[in-house]
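Enquirer: Dropping a structure here in structure tokens format, bear with me for questions.
The values are calculated or read from the model by the stated rules, or taken from the named source; none is laboratory data. All of these numbers come straight from a predicted model, not from anything done at the bench. Positions of Cβ are backbone-derived with ideal geometry, glycine not excepted, and every protein chain shown enters the neighbour counts. Ligands, DNA and RNA are excluded from the accessible area calculation, which covers all protein heavy atoms including side chains. Shrake-Rupley method; radii C 1.70, N 1.55, O 1.52, S 1.80 Å.
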Amino acid sequence: MDDMTGVSWLRDEDSDLRSMLQALEEARAAADQGEVPVGAIIVHPEKGLVARARNAKETLQDPTAHAEILAIGQAAEAVGSWRLENCTLYSTLEPCPMCAGAILQSRIERVVFGASDSRWGAVDSKMNIFEPGLFNHDVVWQGGVLETEAAGLLKDFFREIREGRPRYDGKAEDGS
């Protein structure tokens, strides 16, 4: 076999990298809008990409406007059901307790994230909410995919804020 289509683990890894690159695009867009740079996408096995979102807490003045929550809402609308079974959520940052709860509630099958979150991470860092058997739905997860890139976006964003150089001041380009 001269191509790698028969090697499922390689195909899955390539798919994870491609999908995480899309989530990173969303994270960059969030930073450009003055939001904490977190992006998320959701992939359905038959429909493909069904959601892409970025943090929007500041823009919407909504504490629940995390990238994962917004993506779950979009995916449910695209699929026509709150049950997102067989879907994979890609996030540039380890989900917090709120997002992990929404992932469980929406029956997402798999989560892939980039950077760990030592302050709020509910998958592996602070707690293990996806521990098998803990709830009536188990979520398979993998962390560390493009971790350096995801963590770098966050570090750069917060460094710029500390240095008084926010990327976005909330004003339109014409100053209004």
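Enquirer: Within the range 119-132, track down each residue that is open to solvent by 60 Å² or more (accessible area, probe 1.4 Å) and small (G, A, S).
Expert: none
Enquirer: Right, something else. Could you tell me whether the range 140-158 includes any residue that is open to solvent by 90 Å² or more (accessible area, probe 1.4 Å), out of contact with any helix residue (DSSP H, G or I) (no Cβ under 6 Å at 6 or more places or on another chain), farther than 25 Å from L17 by Cα and not hydrophobic (A, V, I, L, M, F, W, C)?
Expert: Taking every residue of the range 140-158 in turn, none turns out to be open to solvent by 90 Å² or more (accessible area, probe 1.4 Å), out of contact with any helix residue (DSSP H, G or I) (no Cβ under 6 Å at 6 or more places or on another chain), farther than 25 Å from L17 by Cα and not hydrophobic (A, V, I, L, M, F, W, C).
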